[in-house]
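Notes follow once the structure below has been shown.
Each reported figure results from applying straightforward, stated rules to the coordinates on display, with no laboratory input. Just so you know, these numbers come straight off a predicted model, no measurement behind them. Cβ placement follows ideal geometry from the backbone for every residue including glycine, while neighbour counts extend to all protein chains displayed.
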Amino acid sequence: MMTNIQKIMIKGTRDGLTLHLDDQCSFPSILKELEHKLSINGVAEEDQPMIRVTIQLGNRYLTEEQKEQLIAVIRDKQQLVVDHIESNVITRQEALEWKENTAITPIVKTVRSGQVIKVRGDLLVIGDVNPGGQVVASGNVFVMGKLRGVAHAGNDGDTQAVVAASYMQPTQLRIGEHVSRSPDAGAEGVYMECAYVEVSQENILIDRLQEIVKKRPDLASFERRMSNG
Amino acid sequence: MGEAIVITSGKGGVGKTTTTANLGTALALQNKKVCLIDTDIGLRNLDVVMGLENRIIYDIVDVVKGRCKTKQALITDKRFDCLHLLPAAQTSDKSEVTPEGIKAIVDELKQDYDYIVIDCPAGIEQGYKNAVAGADKAIVVTTPEKSSVRDADRIIGLLEQEEIESPKLVINRIRNHMIKSGEMLDVDEIVSVLSIDLIGIVIDDDAVIKGANSGEPVAMKPNSKASIAYRNIARRILGEAVPLQKLDEDDGVLAKVKRFFGMRT
């Protein structure tokens with residue numbers, strides 16, 4: 001008998017098993033007990049379907065290496081597969097990255113020809129983007145003035161990102177990997193419009209700003225911006 | 001203590017040298033002590049436009065290299081005693097001078113003159129950096145052509161990084177009939193894109209070319225439209241030092257631009 005307190009609590013839910021790991025003891029002792037527990041309890045027939053396992057770490061931080069170890073131990077039991085690992089804690093660096101990726105960066109200037117503004121997260125340009133100027137963000141791009149240059153939203157590949165401008169007359173729009181350019185015939189710009197990627201059509205569409213609420217209802221929500229991080 | 005104004009454009013051939021010559025002349029007409037500096041080393045033109053080519057003995061490279069005193073290289077204009085020219089070198093290269101070298105000359109000249117007008121070479125490389133080094137203010141020259149407006153925008157972006165007041169805009173070579181027919185960018189459109197203050201517009205005028213070829217800046221002849229335009233720009237420059245009435249002229253143009261925005265938005 002190791003201790004009176006159980007280091008691992010296994011709960012069955014509708015979606016599979018949840019493993020609650022004690023966050024006070026040492027990591028090797030967890031591994032040891034896990035191996036022990038799974039070898040007694042995990043005897044089952046081969047033809048059973050795979051059981052998804054969620055691991056709750058509580059206030060314990062695991063490195064990628066330790067996570068691999070944990071997953072390896074569970075994987076040894078044929079019917080168990082780790083779905084995801086949850087922890088209440090993240091490193092300082094992760095937190096900073098999170099913050100960066102979810103922040104809105106305001107730029108108060110006219111982005112002129114030859115200038116490139118590149119940010120992580122959302123970009124808010126308070127001013128114009130002139131022809132030859134370029135604004136790039138890993139999130140959304142909002143231009144309070146006139147967008148006449150190049151705007152690239154979701155430059156890490158996020159096709160859910162949008163480009164919105166008070167006056168839309170871009171030379172080029174890019175969202176994720178999609179590119180669209182202005183028509184060759186001198187087209188007039190449009191006021192208060194928003195560009196987004198229509199998944200079914202695989203290209204960039206421009207619509208009234210008011211329409212974006214329907215297309216991207218979670219545009220401002222924290223969850224969406226977090227999951228982009 | 002005078003102030004140094006650099007005339008720049010990014011693009012070549014839009015009228016930097018012509019503007020420099022005429023602004024210098026117009027300021028001299030207002031009895032200001034003016035010194036023109038040509039920083040387009042290797043491709044000097046300002047002396048030709050001013051009709052002073054035959055008077056050059058020393059040039060700006062000689063001054064930077066310490067081969068002569070600044071005063072020895074200065075050429076006095078044939079029309080005004082208060083107007084001088086520091087010519088560029090024709091045989092040297094832009095790399096012969098440094099921004100620090102030019103800045104030292106400009107700072108020295110500022111002691112004796114009311115205005116130092118610096119003619120900048122085309123481009124955004126060494127020559128541009130040299131020209132801008134000593135300047136307190138900048139005037140960006142553009143024509144109503146897309147390519148020229150694009151380059152002006154680039155230059156304004158670069159000027160914003162310097163310790164220089166927000167640049168002023170001169171729109172040169174305006175052809176009224178083409179603007180009316182919509183074949184040329186109009187003034188309001190250009191000001192809207194560049195979003196800097198307009199300090200003057202100059203109508204495309206044959207007299208400008210005639211004047212440049214004969215070495216008599218057009219600003220001397222009050223009967224041409226371009227001449228009046230240059231004189232007005234000079235007045236607006238002076239108007240900043242002595243506000244009141246003279247700023248009104250400038251306000252007229254700006255108010256027109258603002259009204260245009262008010263109508264459209």
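Values as computed for the structure displayed
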| read-out | value |
| --- | --- |
| Pairs of Cα atoms farther than 33 Å apart, chain B, % | 15 |
| Coil-residue GluC sites (Glu not before Pro) of segment B:162-201, DSSP, other Cβ within 10 Å capped at 15 | B:GLU162, B:GLU163, B:GLU165, B:GLU183 |
| Chain A - share of DSSP beta bridges that are antiparallel (%, nearest 5) | 40 |
| 10 Å Cβ neighbours from other chains, averaged over peptide B:159-165 | 1 |
| Under 15 Å, Cα to Cα: Lys pairs in chain A, sequence gap 8 or more or different chains | 8 |
| With Cα atoms, 0 to 90° folded angle of helix B:99-110 axis to chain B main axis | 90 |
| Equivalent ellipsoid, chain A (semi-axes from 5 times Cα gyration tensor eigenvalues, Å) | 50, 19, 13 |
| Estimated FRET transfer efficiency when R0 is 56 angstrom, pair B:ILE164-A:GLN79 (beta carbons, to 0.05) | 0.15 |
| Cα long-axis angle, helix B:225-241 against chain B (0 to 90 degrees, to the nearest 10) | 80 |
| Whether segment A:95-228 is rounded, prolate or oblate, judged on the alpha carbon gyration tensor where a/c under 1.5 counts as rounded | oblate |
| Förster radius 30 Å - calculated FRET efficiency between B:ALA207 and B:GLN90 (Cβ-Cβ, nearest 0.05) | 0.65 |
| Estimated Rh, the protein assembly as shown: Kirkwood, alpha-carbon pairs, angstrom | 27.5 |
| Most fluctuating residue given options A:THR13, A:THR171, A:THR91, as computed from a GNM of chain A linking Cα atoms under 10 Å | A:THR13 |
| Alpha carbon convex hull of segment A:8-89, volume per residue in cubic angstrom | 85 |
| Helix-only mean residue ellipticity at 222 nm for chain B, each DSSP H run of n ≥ 4 adding -39500 (n - 2.57), per residue, nearest 500 | -13500 deg cm²/dmol |
